[in-house]
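Have a look at the structure below, then the notes.
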Amino acid sequence: MNKKLTLVICIQAIVIVLLLWTLIFYGQDEYETYQKAHEEEIESPLRVAIKDGTSTVQLNANTQKNSGIYTSKLKPASFHNEAKALGTVVTIDPLLEAKTQYVNLQAELRLAESGNSHHVTQYQRLKALNDDDKNVSDISVQDALATINADNAKIMAIKSQLGNLESSLRAQC
């Protein structure tokens with residue numbers, strides 16, 4: 001008898017669920033129709049208008065107060081006409097190229113000066129060895145001296161190029 005009772009209760013539960021589902025399914029359309037019929041549409045006043053081709057917003061005093069908007073009368077102001085100046089826009093490309101060339105020449109100068117100091121030290125060492133019983137040939141000493149002279153000429157040429165570049169930049173400005 002227990003099984004029969006359980007079976008009857010299950011069937012009743014299924015019937016109740018089906019009836020509720022049917023009620024909700026058909027009642028949903030009725031509810032939506034009712035809501036659409038009774039919807040209240042709140043109309044907001046039109047506050048934007050166009051006067052003389054300019055868009056304006058008109059707010060009443062309460063709206064201005066609630067929004068924290070304050071207005072005041074315009075104060076007279078004086079206008080001073082400013083002087084006009086004419087000028088020419090100059091491209092900076094030549095200046096950038098000159099700066100790059102100047103930096104490169106300075107780097108070459110430092111490199112040549114450091115090489116020259118090394119060659120001077122080498123020349124002095126070779127000269128000392130040559131003076132000491134000709135341990136180094138005279139040609140080696142002369143080659144070292146020629147290298148120093150070439151370095152000095154290179155340093156002078158770079159300094160001359162730097163001076164010419166500075167002069168041409170001053171002439172452009």
* Would you compute, from DSSP H runs of 4+ residues alone, the mean residue ellipticity of the chain at 222 nm, taking -39500 (n - 2.57) per run and dividing by the full residue count, rounded to the nearest 500? => -24500 deg cm²/dmol
* Of the options SER167, LEU111, ALA157, report the single residue whose Cα projects farthest towards the positive end of the charge dipole of segment 78-173 (beta-carbon charges: Lys, Arg +1; Asp, Glu -1). => SER167
* Taking the Cβ of each residue in GLU108, GLU82 as the centre, tally the other Cβ atoms inside 10 Å and list the residues starting with the fewest. => GLU82, GLU108
* Residue-wise, which Karplus ³J(HN,Hα) couplings in Hz belong to segment 91-103, taking 6.51 cos²θ - 1.76 cosθ + 1.60, θ = phi - 60°, and x for glycine or proline? -> 6, 9, 4, x, 5, 5, 5, 5, 5, 4, 5, 5, 5
* Per-residue HN-Hα couplings for segment 9-14, Karplus 6.51 cos²θ - 1.76 cosθ + 1.60 at θ = phi - 60°, whole Hz, x for Gly and Pro? -> 5, 5, 5, 4, 5, 5
* Structure fact -> Ranked on Cβ counts within 10 Å of their own Cβ, fewest leading, TYR70, TYR31 go TYR70, TYR31
* Under a 5 Å amide H to amide H cut-off, with H placed in plane at 1.01 Å, what residues pair with VAL136 once short-range neighbours are removed? -> ASN130
* Asked: For the Cα atoms of the chain, what angle does the longest principal axis make with the long axis of helix 138-172, in degrees from 0 to 90, nearest 10?
  -> 50 degrees
* To do: Have a look at ALA61, ALA13, LEU126 and report the one farthest towards the positive end of the charge dipole of the chain, computed about the Cα centre with Cβ charges (Lys/Arg +1, Asp/Glu -1).
  => ALA61
* **Estimated vicinal HN-Hα couplings, Hz - segment 112-125 in sequence order (Karplus 6.51, -1.76, 1.60; Gly, Pro = x)** => 5, 5, 5, x, 5, 5, 5, 5, 5, 4, 5, 4, 4, 5
* Give the value in nm², to one decimal: projected area of the alpha carbon convex hull of the chain, averaged over all directions. => 42.9 nm²
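None of the figures in this text is laboratory data; all of them are computed from the coordinates on show. Bear in mind the structure is a predicted one, so any value in this text is a computation, not a measurement. Every residue, glycine as well, gets a Cβ built from its backbone with ideal geometry; the counts of neighbours run over all protein chains shown.
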